[in-house]
Amino acid sequence: MHVTWRTEWPHWLLLGLLLLGLAQAPAQRVPIHWNAAGEIDGFASKWLALGLGVGIYLLFLVLPRLDPGRANYAQFAGAYGVIRLAVLAWLVALLGAGALGLSIAGLPHVLGGALFIVAGSVLGKIRPNWFVGVRTPWTLASKRSWVRSHRLGGWLFLGWGLLELAAGLLRPALGLTVLIGGGVVVTVTLLVYSYLVWRADPDKLPAVGTRPADGEP
């Protein structure tokens, strides 16, 4: 994955907007956490809020370099770039709204739903790696399971995101229920589905470290 100013300027712009928003905040402490009803219940210093944004940016920037499967990132650089930008935009919007005092009921759920929708739209393009995507023991040991599980996962994330977005706009009190319930349904479905596809795959791979050494029974 090649990193250039063309790939990074949107991230720098978002971080600049976050810095500007924090500078305009009237208080020295800004909201960083919301409860189930979408009400602010946690605060931190402006510097910590800015550090969260910079930290997320740097984390996603270095993950491909740490991944043993780093060569695969070239095959889904566009999808990874979308996920990187979407996560940072979600965080900047959440922190920026809190810093400027925009306490809107359901905003965290609206932003979370939008993030799930964006992630779902590109999930099917993710290729095997150790950090991003649906990483179950079976997707990591079967290319067929990986591809099919991510295609299904894309649709599940889209549906989950739409429900979370609708809850945030119409019934903020249901946002947490949709978030947790949707997460359970998506997780269980992908676990079961990835296993079933792996079991039927004639070309499945042995899990890392489980192949017997030469001469061993």
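Every number in this text was worked out from the coordinates using simple rules, so none of it is lab data. What you are looking at is a predicted structure, and each value in this text was computed from that prediction instead of being measured. Neighbour counts run over all protein chains shown; Cβ positions are idealised from the backbone, glycine included.
Of the peptides 22-28, 169-175, the ranking by mean beta-carbon count within 10 Å, highest at the top, reads 169-175, 22-28. By the rule of a C-alpha distance below 22 Å, with chain neighbours fewer than 8 residues away ignored, the lysines paired with LYS125 are LYS143, LYS204. In this label model, ALA27 and VAL192 are separated by 4.5 nm, measuring between points 7 Å along each Cα→Cβ vector.
When you restrict to C-alpha pairs under 8 Å that are six or more residues apart and normalise by the size of the chain, the relative contact order lands at 21 percent. Once both labels are positioned 7 Å from their Cα atoms along Cα-to-Cβ, the gap between ALA200 and PHE43 label points is 5.6 nm. Descending by average beta-carbon neighbour count within 10 Å, the peptides 48-54, 80-86 line up as 80-86, 48-54, the highest first. The phi-based Karplus calculation (6.51 cos²θ - 1.76 cosθ + 1.60; θ = phi - 60°) puts the 3J(HN,Hα) values of region 5-11 at 5, 5, 7, 9, 4, x, 5 Hz, whole numbers, x for Gly and Pro. Dipole magnitude for region 88-216: computed about the Cα centre from +1 point charges on Lys and Arg Cβ and -1 point charges on Asp and Glu Cβ, it is near 260 debye. Each residue of region 23-33 was assigned a 3J(HN,Hα) from its phi angle through the Karplus curve 6.51 cos²θ - 1.76 cosθ + 1.60 (θ = phi - 60°); the sequence is 5, 7, 5, x, 9, 7, 10, 10, x, 10, 8 Hz, with glycine and proline shown as x. Using a Förster distance of 25 angstrom, determine the FRET efficiency expected from the C-beta separation of VAL54 and ARG135, and round it to 0.05. Computed FRET efficiency for VAL54 and ARG135: 0.45.
The amide H of HIS33, built 1.01 Å from its N in the peptide plane, has ASP41, GLY42 as neighbours under 5 Å, considering only residues 5 or more places off or on other chains. Computed from phi, the 3J(HN,Hα) profile of region 47-58 under the Karplus parametrisation 6.51, -1.76, 1.60 (θ = phi - 60°) reads 5, 5, 4, 5, x, 4, x, 5, x, 5, 4, 5 Hz, with x in place of Gly and Pro. Note on the chain: helix-only mean residue ellipticity at 222 nm, from DSSP H runs of 4+ residues weighted -39500 (n - 2.57) and normalised by residue number, equals -21500 deg cm²/dmol.
For the chain, modelled as a GNM whose springs connect Cα atoms under 10 angstrom apart, the maximal fluctuation among VAL188, VAL30, VAL110 occurs at VAL188.
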